[in-house]
1. Suppose the filter is modelled with pLDDT of 95 or more, of a type in the set (Val, Ile, Thr) and either surrounded by 11 or more Cβ atoms within 10 Å (Cβ to Cβ) or closer than 22 Å to residue 89 by Cβ (or both); does residue 2 pass it?
2. Could you go through segment 16-24 and let me know if any residue there is of a type in the set (Lys, Arg) and farther than 15 Å from residue 74 by Cα.
3. What's the total number of residues in segment 40-61 that are among the β-branched types (Val, Ile, Thr) and loosely packed, with under 11 Cβ neighbours inside 10 Å?
4. Taking only segment 49-61 into account, find how many residues are in contact with a strand residue (DSSP E or B) (Cβ under 7 Å, 6 or more places away or on another chain) and in a helix (DSSP H, G or I).
5. Working carefully through the options 70, 64, 77, 100, find the one that is of a type outside the set (Phe, Trp, Tyr), touching a residue at least 24 places away in the same chain (Cβ under 8 Å), surrounded by 10 or more Cβ atoms within 10 Å (Cβ to Cβ) and assigned to a loop (DSSP other than H, G, I, E, B).
6. Is one or more of the residues making up segment 78-98 among the polar types (S, T, N, Q) and either in contact with a His (Cβ under 7 Å, 6 or more places away or on another chain) or on the phi > 0 side of the Ramachandran plot (or both)?
7. Checking residue 85 against (1) part of a helix (DSSP H, G or I); (2) in contact (Cβ under 8 Å) with a residue 24 or more places away in the chain; (3) not basic (Lys, Arg): exactly one of these is not met. Which one?
8. Taking segment 1-56, which residues are among the hydroxyl-bearing types (Ser, Thr, Tyr) and either touching a residue at least 60 places away in the same chain (Cβ under 8 Å) or touching a helix residue (DSSP H, G or I) at 6+ places or on another chain (Cβ under 7 Å) (or both)?
Amino acid sequence: MVIDNPQAVKFCNERVRQAADRFAQLYWWSKIVAEEWASQGIGALIPNDASVVIDGSATDGRSVLTGADVNALAGQVSAFIAGMEANANANLNIIHKVAVNPER
């Protein structure tokens, strides 16, 4: 059986493949962030508390960023990578099979 319904094909091309691209790009970006976090010792520079990162957010309207926020996001990055790499890269392999532009 083939899937040749124009609506289904369009959805696959415009949504499914693009979703896979974005997941793959997020994975590779996350790997870079995690490697920089570890190699530069960033965790030692940013305490996991309410200390505020002075990044200009107080004057430009962005939400204030705390050390706890940064550390929480670092944990999410690690969890995302672990999830993609679990079971011999099972999830990552699915994404890469469908992705057209994974941008490693």
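1. Judged against the criteria, residue 2 is not a match.
2. yes
3. Count: 2.
4. Result for segment 49-61: 0.
5. Being of a type outside the set (Phe, Trp, Tyr), touching a residue at least 24 places away in the same chain (Cβ under 8 Å), surrounded by 10 or more Cβ atoms within 10 Å (Cβ to Cβ) and assigned to a loop (DSSP other than H, G, I, E, B) holds for just one of 70, 64, 77, 100, which is 100.
6. Scanning segment 78-98 turns up at least one residue that is among the polar types (S, T, N, Q) and either in contact with a His (Cβ under 7 Å, 6 or more places away or on another chain) or on the phi > 0 side of the Ramachandran plot (or both).
7. (2)
8. 27, 30, 51, listed by residue number.
The values are calculated or read from the model by the stated rules, or taken from the named source; none is laboratory data. Predicted, not measured: the structure shown is a model, and the values here were computed from it. Glycine gets a Cβ as well: all are built from the backbone with ideal geometry, and neighbour counts include every protein chain shown.
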